[in-house]
Amino acid sequence: MNTSTLVKVSLVAGIYTVVSLLIAPISYGIVQFRIAEILNLLAFIDPYYIIGVTLGCFITNVLGPVGLPDIVFGTTATFLATVCIYKSKNLIIASLYPTIFTPIVGLELYLFFDNAFWIGTLSIMLSQFIICTILGVPLYKVLFKNKNFVEVLRIDKNNNNIYNKIK
């Protein structure tokens, strides 16, 4: 991993963590609205962002109030979602993966915190859908229209498939 890649991945991890911690009361728990989840869609551009977003989620969960269950379940859900986002060919479909993997976090809430599985799952699914699909897709579509912005974000400069994905 070269310096530029390391910087971009680290910046995403740091931004994810800082944004989540700044609004910590709504970043954790059965009713959460983790705005930093919008960064998941960066994985649509380049697979290295899978590392950045997953690392940001991991650090956020390490520093958060929930502890080991959130570190394992939450980070796993984010990792799986970002891998699927990268593999997706359509931004709208890609934006749904964080919502689709939410039952992993719902299981965590059920097993470790005595919350009803479906209440926790549906609550977090709603927030993921709002953040990644309702807010994220229009934002990224606007940003993707700017080729300079896309070029700055691209890590693998040899992979031109991104331009087929963001049409």
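The values are calculated or read from the model by the stated rules, or taken from the named source; none is laboratory data. Note that the structure is predicted; figures quoted are calculated from it, not measured. Note that each Cβ is placed from the backbone with ideal geometry, even for glycine, and that neighbours are counted across all protein chains shown.
Filtered by the rule that a residue be within 14 Å of residue 42 (Cα to Cα) and among the hydroxyl-bearing types (Ser, Thr, Tyr), region 80-137 gives 82, 86, 88, 95, 97, 133. Apart from one condition, residue 101 fits all of (1) free of Cβ contacts under 8 Å to residues at least 24 places away in the same chain; (2) under 29 Å from residue 1 (Cβ atoms); the exception is (1).
Which one is modelled with the lowest pLDDT among residues in region 131-162 that are part of a loop (DSSP other than H, G, I, E, B) and basic (Lys, Arg)?
Going through the qualifying residues, I end up with 157.
Does residue 15 satisfy the criteria of being surrounded by 14 or more Cβ atoms within 10 Å (Cβ to Cβ), at pLDDT 95 or above and under 14 Å from the mean Cα position of the chain (by Cα)? It is true that residue 15 is surrounded by 14 or more Cβ atoms within 10 Å (Cβ to Cβ), at pLDDT 95 or above and under 14 Å from the mean Cα position of the chain (by Cα). Considering region 1-110, the qualifying helices (runs of 4 or more DSSP H), each wholly inside and each with 2 or more residues that are hydroxyl-bearing (Ser, Thr, Tyr) and out of contact with any helix residue (DSSP H, G or I) (no Cβ under 9 Å at 6 or more places or on another chain), run over 3-22.
If you go through region 65-78 and pick out every residue that is surrounded by fewer than 20 Cβ atoms within 10 Å (Cβ to Cβ) and on the phi < 0 side of the Ramachandran plot, you end up with 7. Could you check, for region 92-102, whether at least one of its residues is more than 25 Å from residue 33 (Cβ to Cβ) and surrounded by 16 or more Cβ atoms within 10 Å (Cβ to Cβ)? No, the conditions are met nowhere in region 92-102. Screening residue 88 against (1) crowded, with 16+ Cβ neighbours inside 10 Å; (2) in contact (Cβ under 8 Å) with a residue 40 or more places away in the chain; (3) over 18 Å from the mean Cα position of the chain (by Cα) leaves a single unmet condition, (3).
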